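The values are calculated or read from the model by the stated rules, or taken from the named source; none is laboratory data. All of these numbers come straight from a predicted model, not from anything done at the bench. Cβ sites come from the backbone with ideal geometry, for glycine too, and all protein chains shown count toward neighbours. For the accessible areas, the whole protein counts, side chains as well, though only heavy atoms, and no ligand, DNA or RNA atoms are used. Shrake-Rupley method; radii C 1.70, N 1.55, O 1.52, S 1.80 Å.
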Amino acid sequence: KDKVITQAEMVELAKVAYEQAVAIGIPLNKHLVREISVNNRLKKPLARCCRKGTVFVFDYNVMLTYGNPTKVIETWIHEWVHTIPGCFNHGAKFQMYIKRANAHYGYKIATKVSYSYLEIPKEYRTMHVQEVNLVDVYCPTCDKVLCRISKRKGVSKNPGDYICKLCKNKGLQIRGVS
């Protein structure tokens, strides 16, 4: 995929997601969402739903603009479901609606996904990881990468002070993301 999704196209994909969800009986109200916009500070989630008083605002990670449009629609259905009363978290009611969309459309909507889920070309994923200055927290004893974090986090400054959750080794290391 070489085409970047524009802001106007992103709004259209969010409308498609809304229409698909409503078509299978998911009780959405389009008047509850006031804005859909890119958030350049958003690094880990692909998108998010924020309540602003009685309405919602959707914002999305710039990496969503490089995604497969079908995966983008899946992401927007996920966010739309958050606007339903009792679905602001990922509880049973939220899961019920997501399972309905997955079963009907063959989607794989989940609560947590990565850039690879969007089928983003690797060169864009690498560009973004370098841009946000991430590092891997690595345990040399069990030879596992435990997590990926910003260099600004405390563990990245003193990794040896932290304990591996897998092997209980004290002496984690930091390495650049490849």
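General remarks:
- Among the listed pairs 71/170; 71/168; 44/108, those beyond 29 Å (Cα-Cα): 71/170; 71/168
- Cα shape, the range 1-62, gyration tensor, a/c 1.5 rule: oblate
- Interchain or long-range residues, amide H under 5 Å from residue 169's placed H: 164
- A 1.4 Å probe, protein heavy atoms only, puts the accessible area of residue 64 near 0 Å².
- Taking the DSSP bridge list for the range 5-67 and keeping only pairs wholly inside it, about 55 percent are antiparallel.
- Under-5 Å amide H pairs with residue 146, H placed in peptide plane, nonlocal only: 137, 138, 139
- Around the Cα centre of the range 27-130, unit charges on the Cβ atoms of Lys, Arg, Asp and Glu (plus for the first two, minus for the last two) sum to a dipole of about 260 debye.
- Residues in the range 13-22 carry Karplus couplings, in order, of 5, 5, 5, 4, 4, 4, 4, 5, 5, 5 Hz; the curve used is 6.51 cos²θ - 1.76 cosθ + 1.60 with θ = phi - 60°, and Gly or Pro positions show x.
- Under Karplus coefficients 6.51, -1.76 and 1.60, residue-wise ³J(HN,Hα) of the range 161-167 in Hz, glycine/proline x: 7, 9, 10, 5, 6, 8, 10
- Whole-Hz couplings from phi, Karplus 6.51/-1.76/1.60, listed for the range 70-80; x for Gly and Pro: 5, 5, 5, 4, 4, 4, 5, 4, 3, 5, 4
- Rounded to the nearest 10 square angstrom, residue 90 shows an accessible area of 80 square angstrom against a 1.4 Å probe.
- Label-point separation, residue 9 to residue 166 (7 Å along Cα→Cβ), nm: 3.8 nm
- Share, in percent, of DSSP beta bridges within the range 1-108 that are antiparallel, nearest 5: 55 percent
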